[in-house]
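Please read the structure below before turning to the comments.
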Amino acid sequence: MIHDVFIVDDDAAMRDALSLLLENNGMNTEVFADGSTFLQACEYQNPGCVLLDMAMPGMNGHEVLTTMNERGLQIPVIFLSGYGDISMAVRAMQLGAIDFLEKPISGAKLIKRLQRALMNDEGRREMQLHIQASRQSYSRLSPREREVMVLVVSGLLNKEIAHKLQLSPRTVEVHRIHVMHKMGVSNIAELVSVAGLCKI
């Protein structure tokens, strides 16, 4: 998968050097000279990562990330700073940055950190899709099937569920089969896991 890396840095030479390095390593890049221009362009959620300079004219790195958080832009951010200190790094992590690197940084180290960030982002996106699909499946259950599902994942046996819902064990078994099929699972362990994703 080709990933987009957004380079946000007011130093033109740094932007060019980073862009060349990343594109030589199979990544697409988009470059921005300041935070506000980046924020105007970054309106989508494609897989990627942001290399964000800390000190820029106008909005600094912290302010850019704060705005991203307010907009719900869940793109991993790696800060780059020419004069980082502990308090600056701590603040960046509190805002949700995944890394804080001081300039100059070796190309090999930067590529390694970026690859790790992109891999984590892929995993996060896959999990979000899985959660969304699970919740859509749950929404298609009938009210009775939802009742049965809740009781199944709580550990009750069919006869216990039948007694609780005043149904026959055979009817409970039919509902249970429908639940398993609609939720796309083959065993109770998987159903419990999906129920957790659905926050049941």
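Here are some residues: 188, 161, 131. Which one is crowded, with 16+ Cβ neighbours inside 10 Å and farther than 30 Å from residue 20 by Cβ?
The match here is 161.
Search region 166-185 for residues being more than 15 Å from residue 140 (Cα to Cα) and of a type outside the set (Gly, Ala, Ser), and hand back the single one that is surrounded by the fewest Cβ atoms within 10 Å (Cβ to Cβ).
Among those residues, the one meeting the criterion is 166.
Suppose we filter region 63-89 for residues that are of a type in the set (Val, Ile, Thr) and farther than 25 Å from residue 126 by Cα; how many remain?
Our first condition is that a residue be of a type in the set (Val, Ile, Thr); within region 63-89, this holds for 64, 66-67, 75, 77-78, 86.
In the following step, the residues that additionally are farther than 25 Å from residue 126 by Cα were identified as 64, 86.
Here the count works out to 2.
Would you please name the residue that is surrounded by the fewest Cβ atoms within 10 Å (Cβ to Cβ), looking only at residues in region 1-43 that are within 20 Å of residue 108 (Cα to Cα) and free of Cβ contacts under 8 Å to residues at least 24 places away in the same chain?
Top of the filtered list is 13.
For region 94-111, enumerate the residues that are surrounded by fewer than 19 Cβ atoms within 10 Å (Cβ to Cβ) and in a helix (DSSP H, G or I).
94, 107, 108, 109, 111, listed by residue number.
Among the numbered criteria (1) part of a helix (DSSP H, G or I); (2) of a type outside the set (D, E, K, R); (3) at pLDDT 95 or above, which one does residue 141 miss?
All conditions are met except number (1).
Please enumerate the residues belonging to region 69-88 that are under 20 Å from residue 18 (Cβ atoms) and small (Gly, Ala, Ser).
81, 82, 84
Can you find a residue in region 154-163 that is under 19 Å from residue 132 (Cβ atoms) and outside any loop (DSSP other than H, G, I, E, B)? Working first, answer last.
Within region 154-163, the subset under 19 Å from residue 132 (Cβ atoms) is none.
No, every residue in region 154-163 fails to be under 19 Å from residue 132 (Cβ atoms) and outside any loop (DSSP other than H, G, I, E, B).
What are the residue pairs meeting all of these: first residue in region 86-112, first residue in the same structural domain as residue 22 (by TED's automatic domain parsing), second residue exposed (fewer than 11 other Cβ atoms within 10 Å of the Cβ) and at pLDDT below 85, Cβ atoms under 9 Å, and 6 or more apart or on different chains?
102/83; 103/83
Against the condition in a helix (DSSP H, G or I), within 30 Å of residue 49 (Cβ to Cβ) and touching a residue at least 12 places away in the same chain (Cβ under 8 Å), how does residue 124 come out, does it pass?
So residue 124 passes the test.
The values are calculated or read from the model by the stated rules, or taken from the named source; none is laboratory data. These figures come from a predicted structure and were not determined experimentally. As a convention, Cβ positions derive from the backbone with ideal geometry for all residues, glycine included, and neighbour counts pool all protein chains shown.
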